[in-house]
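The values are calculated or read from the model by the stated rules, or taken from the named source; none is laboratory data. The shown structure was predicted, so the numbers you read here are calculated from the model rather than taken from an experiment. Heads up, the Cβs are rebuilt from the backbone with ideal geometry, glycines too, and the neighbour counts pull from every protein chain shown.
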Amino acid sequence: MGQSKYKYQIILYLFLLVLSACNFNANKNNKNTRQVRDMLGRGVSIPNNIKNIVALNAGTLRLIVWLDATEFVCAVEGNEKKRQVPYLFAHPELREKPIIGTGNMPEAELLAATAPDVIFATYMTKAEADKLQERTSVPVLAVKYGNFNDEIDTVYNTLRFMGGLLNRTNRAGKIIQYIENTIADLENRTINIDNGNMPEAYIGGVAYRGSHGINSTEPNYPSFNFLNIKNVAGGLKKTMGSNSVNLTNAFIDKEQVIEWDPEFIFLDMAGVHPFNSQILSEAWIGELSAFKAGRVYTVFPYNWYTTNYSTILVNSYFIGKFLYPLEFSDIDPDAKAAEIYHNLLGDNVYPEMVGHYGLARKIPFTK
């Protein structure tokens, strides 16, 4: 009886010792991690000291560059090797990072092998984020990319969220202030233009999962909104039974473009090559009033792997200078482009943009 009691005490002692060790390790792990709530409301445990990250899905790496946090990036998506976009012009060293899969599709094994402390990801559902976190054993923080129309506060909130985690709170604040000041400047220059004198314009050649010609447009092109310009395609959201301002792309029949017959046409340089083919075979384009009057201009591509916000701002000053020469008489759009890229990306990539795409300009038209 005494011996059994002694064995029981030994077993109980060992059990308590193991339990104590487990609690010690748990407390130790708790000291090295913290709980945060991502932008989808998911509770995620992340390291207190983040050293390595992966930016996943459209626009995420762009925001990391804005935050001057590229030092944390340990791997990139395969397509980052070949994109000709401002954030990679500013940081070409990112192209040399290990890749986590071909194209834009990450492979869980490669992703896990790069050993990031956290993964930031846009355009992801709760279920997708949970699944990726389970497959990689890496904390996944879902963020939102927003837009420069009705979701600009989402852009700011994402910058604050990511900036706080990466010790870039001050940088996030400076970016937000710069964007707010820039948009206010654009809006204030044309605030007194009444509805009767608003120029009517159309943006064509907008990239959407590839390059397209003049028929591809954005009904809520932010530059037109900033500058008090009537977008002839702006009524499409009502035509399609939605009042949402998030209609980011539409393909327009030539009959509709002819009916609109916009006063000014802007051509996104992403669509220049398809447009050049169109102009040789589709005579109706040359009959549009804007072409006849020489009111057709090119602007930089802004919609590659979601919206490039810095280029939206750059384009806005070129468009303002073209359509409102008096209100923008003090603006040198080339210098303004250099300033915008420098402030948002940390480097003036305007020469690279011009070298790769050409100048934003009035284009001559000959049939």
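Residue pairs whose Cβ atoms lie under 8 Å apart, separated by 6 or more positions or on different chains, with the first residue in the stretch 274-300 and more than 22 Å from PRO333 (Cβ to Cβ) and the second charged (D, E, K, R) and not in a helix (DSSP H, G or I), are ALA283/LYS367; GLY286/LYS367; LEU288/ASP261; SER289/ASP261; SER289/GLU263; SER289/ARG295. Does the stretch 327-342 contain any residue that is farther than 15 Å from ARG62 by Cβ and of a type in the set (Val, Ile, Thr)? Yes; the residues of the stretch 327-342 include at least one that is farther than 15 Å from ARG62 by Cβ and of a type in the set (Val, Ile, Thr).
Taken together, the criteria exclude THR154 from residues that are farther than 30 Å from GLU109 by Cα, polar (S, T, N, Q) and touching a helix residue (DSSP H, G or I) at 6+ places or on another chain (Cβ under 8 Å).
Where residues in the stretch 301-324 are in contact with a strand residue (DSSP E or B) (Cβ under 7 Å, 6 or more places away or on another chain) and at pLDDT 95 or above, which of them is surrounded by the fewest Cβ atoms within 10 Å (Cβ to Cβ)? Only one residue fits best here, namely PHE322. Against the criterion of being without any contact (Cβ under 8 Å) to a residue 60 or more places away in the chain, aromatic (Phe, Trp, Tyr) and under 30 Å from LYS321 (Cα atoms), TYR178 does not qualify. Looking at the stretch 130-139, can you tell me whether even one residue there is under 19 Å from the mean Cα position of the chain (by Cα), over 27 Å from GLU352 (Cα atoms) and not hydroxyl-bearing (Ser, Thr, Tyr)? No - not one qualifying residue is present in the stretch 130-139. Applying the criterion of being among the aliphatic types (A, V, I, L, M) and under 16 Å from ILE119 (Cα atoms) to the residues of the stretch 68-91, the residue that is surrounded by the most Cβ atoms within 10 Å (Cβ to Cβ) is ALA75. In this structure, GLY320 qualifies as outside the structural domain of PRO92 (by TED's automatic domain parsing), assigned to a helix (DSSP H, G or I) and under 22 Å from ARG189 (Cα atoms). Report yes if GLU327 is assigned to a helix (DSSP H, G or I), surrounded by 14 or more Cβ atoms within 10 Å (Cβ to Cβ) and acidic (Asp, Glu), otherwise no. Criteria not met by GLU327. If you go through the stretch 267-290 and keep only what is buried (at least 18 other Cβ atoms within 10 Å of the Cβ), farther than 21 Å from GLY355 by Cβ and at pLDDT 90 or above, you end up with LEU288, ALA290. Within the stretch 135-147, one or more residues are crowded, with 17+ Cβ neighbours inside 10 Å and either assigned to a helix (DSSP H, G or I) or assigned by TED's automatic domain parsing to the domain that holds ILE229 (or both).
One residue stands out in the stretch 148-170 among those that are in contact with a Ser or Thr (Cβ under 8 Å, 6 or more places away or on another chain) and in a helix (DSSP H, G or I): the one that is farthest from PRO219 (Cα to Cα), namely GLY163.
Checked against the criterion of being in contact with a Pro (Cβ under 9 Å, 6 or more places away or on another chain), assigned by TED's automatic domain parsing to the domain that holds PRO199, free of Cβ contacts under 8 Å to residues at least 60 places away in the same chain and under 30 Å from THR60 (Cβ atoms), the stretch 309-317 has at least one qualifying residue. Restricting attention to the stretch 113-134, the residues being under 25 Å from ASN32 (Cβ atoms) and surrounded by 15 or more Cβ atoms within 10 Å (Cβ to Cβ) number 11. The residues of the stretch 184-220 that are among the charged types (D, E, K, R), in the same structural domain as SER281 (by TED's automatic domain parsing) and not in a loop (DSSP other than H, G, I, E, B) amount to a single one, GLU200.
Which of the residues spanning the stretch 165-180 are basic (Lys, Arg) and within 26 Å of GLN35 (Cα to Cα)? Of everything in the stretch 165-180, those that are basic (Lys, Arg) and within 26 Å of GLN35 (Cα to Cα) turn out to be ARG168, ARG171. Is one or more of the residues making up the stretch 32-44 surrounded by 21 or more Cβ atoms within 10 Å (Cβ to Cβ) and under 21 Å from ARG171 (Cβ atoms)? Among the residues of the stretch 32-44, at least one is surrounded by 21 or more Cβ atoms within 10 Å (Cβ to Cβ) and under 21 Å from ARG171 (Cβ atoms), which makes the answer yes.
For residues in the stretch 330-349 being of a type in the set (Gly, Ala, Ser) and more than 22 Å from ILE229 (Cα to Cα), which is surrounded by the fewest Cβ atoms within 10 Å (Cβ to Cβ)? Result: ALA335.
Residues of the stretch 103-112 that are surrounded by fewer than 19 Cβ atoms within 10 Å (Cβ to Cβ) and either assigned to a helix (DSSP H, G or I) or free of Cβ contacts under 8 Å to residues at least 40 places away in the same chain (or both): GLY103, MET105, GLU107, ALA108, GLU109, LEU110, ALA112.
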